1. Return the total of residues in the range 14-39 being assigned to a strand (DSSP E or B) and either within 33 Å of the chain's Cα centre (by Cα) or not assigned by TED's automatic domain parsing to the domain that holds residue 71 (or both).
2. Every residue in the range 183-219 that is among the small types (Gly, Ala, Ser), part of a strand (DSSP E or B) and modelled with pLDDT of 95 or more, please.
3. Looking at the range 416-443, which of the residues that are aliphatic (A, V, I, L, M) and farther than 18 Å from residue 496 by Cβ is modelled with the highest pLDDT?
4. Could we say that residue 288 is surrounded by 15 or more Cβ atoms within 10 Å (Cβ to Cβ) and in contact with a Ser or Thr (Cβ under 6 Å, 6 or more places away or on another chain) here?
5. Can you work out which of the residues in the range 1-34 that are within 17 Å of residue 74 (Cβ to Cβ) and small (Gly, Ala, Ser) is surrounded by the fewest Cβ atoms within 10 Å (Cβ to Cβ)?
6. Check off (1) under 26 Å from residue 55 (Cα atoms); (2) among the basic types (Lys, Arg); (3) part of a loop (DSSP other than H, G, I, E, B); (4) modelled with pLDDT of 95 or more for residue 120 and give me the number that stays unchecked.
7. Tell me, please, whether a residue that is surrounded by 15 or more Cβ atoms within 10 Å (Cβ to Cβ) and modelled with pLDDT under 90 can be found in the range 80-93.
8. If I filter the range 386-403 down to residues being hydrophobic (A, V, I, L, M, F, W, C) and part of a helix (DSSP H, G or I), which single residue comes out as surrounded by the fewest Cβ atoms within 10 Å (Cβ to Cβ)?
Amino acid sequence: MHDLIPAPARVEGEGRCGFVLDEATTLTAGPGTEGTERWLRSTLGAAFGLPLAPGAVDAEGAASAPNTVELRVDPSLEPEGYRLGVSPTWGVRITGGSGAGVFWGAQTLRQLLGPEAFRRAPVGVSGPRGLAAMDIEDGPRFGWRGMMLDVARHFMPKEGVLRMLDLLAAHKLNVFHFHLTDDQGWRVEIERRPRLTEVGSWRARSKHGHRASELWDETPHGGFYTKDDIREIVAYAAERHIRVVPEIDIPGHSQAAISAYPELGNTDVVDTSALSVWDTWGVNPNVLAPTDNTLRFFEGVFEELLELFPADTSPFFHIGGDECPKDQWRQSPTAQARIAELGLADEDELQSWFIRHFDRWFADRGRRVIGWDEILEGGLAEGAAVTSWRGYGGGIAAAEAGHDVVMCPLQQVYLDYRQADGPDEPMPIAYVRTLEDVYRFEPVPPGLSEEAARHVMGTQANVWTEVMQNQDRVDYQVFPRLAAFAEVAWSRLPAPEERDFAGFEGRMTAHYARLDALGVAYRPPTGPKPWQRRPGVLGRPLEGPPPIA
């Protein structure tokens, strides 16, 4: 039985040795697979201390030696599909429908070679690594297999983002939803608006915990990505066939921007010059004013971001649209005048007008807008897609109206939610969502018509970082549940009640060893030890209890 995650569509094996990875192994890359060739040398080559020298090819471009890993593109396969064959006659052959398919096949090869293949550097002499003769045929169920990472509540340095992209790729996830702005911080450099990062990227104190009653300390928190950082992140993702979906959250969740540029707020209702970057969690009442000045301001922001996120790697721009309280608009003479001028019925339609403006603006530049399901309120912009987070309802309504949808309901795939009941879980919030709960998540809701179901582009897991102060805390919340989510997004699983969770748990035994090799501070399957619950050491397991002071 294989221990691959996500589970492939078909695995057939002969049980005898079909290939040995050693110092004589060569690597042959056909057209369109050069990126995967480089990746294999930087991962397998580095892990095993092997050169993986370029292999000889025959007159037709095929590998001519048996001890070869051969990479090919075959357009007759589905774009992200692949075939992986291991044979004593010709070695390892990975054929994909595109460069992406070849890359996913290479990820499977890495898993087959054991946890040692996931080390960052060789330790001692590895010796040859044998593989059984086998044939694998595989391809994804969904084209959108993603994870949203919030870096506004707690900033993750660039190196941590690059590491997370590697972890997404290892699980065959292909969308990185990059939540860059919120009330608690603005995280991307905009040259024409320098105060967005000079002022908007830092809050004066740090909150600990999720509840309103919990404590702050006076440690400032902040940080932002320079334009060069963003270019590096986008290029790194593209090499791993991951699309980056940047999010600039408007018209709500905007206090960081308003604190930097008070004229963006509803100045006829609130003294916005007194606002600072918000230092707590929840829904903030301060929202953008629906003025021409606001529209021009964010058009300028998006013009700079279009250059950082090219169309081939970022066809979608996420503009938030969630949790936008409309009390200030109800009180604002300026907002009410705008409603009357446009002939709108109410404040919900005013938000829809705001979203429609940017839908047209991005469409004119060859991009598509996507937003949280609140953008349905007041009428959905014609070309907009929806990330359905408040359950299935918004996604169902959007899909039945002919709009594309990404299913990410908080009840199933919010990975900041606690993983067990009781006091053992650090900073417990919201629902308990176990590994099995995530594994039994079904992205296409029952009862959706066949035509509407075609608008479900896929699914993503969301990671909000209010209680995740550092990389280890993110690891602890995300893993191992992201592995279960990845199988749901990639594999063609049966109905939730028919899924073999026991079999998945068995395969996870091997996968925990891979995560260990990668240094992932996952939640242990048996739960944290008492000393792992102390503030400051949550996440990566310690070797034993802390020393006595």
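1. Here is the first cut: in the range 14-39, the residues assigned to a strand (DSSP E or B) are 14-21, 26-29.
From what's left, either within 33 Å of the chain's Cα centre (by Cα) or not assigned by TED's automatic domain parsing to the domain that holds residue 71 (or both): 21, 27-29.
Going through the range 14-39 one residue at a time, the tally reaches 4.
2. 185
3. This residue is 420.
4. yes
5. Restricting to residues being within 17 Å of residue 74 (Cβ to Cβ) and small (Gly, Ala, Ser), the top hit is 9.
6. (4)
7. yes
8. Looking only at the range 386-403, we keep the residues that are hydrophobic (A, V, I, L, M, F, W, C), and these are 386, 389, 396-399, 401.
Filter once more, so that each one left must be part of a helix (DSSP H, G or I): 396-399.
On the way: 396: 20, 397: 17, 398: 25, 399: 26.
Here the answer is 397.
The values are calculated or read from the model by the stated rules, or taken from the named source; none is laboratory data. This is a predicted model, so every value here is computed, not measured. When we count neighbours, we look across all protein chains shown, and the Cβ atoms used for this are built from the backbone with ideal geometry, even at glycine.
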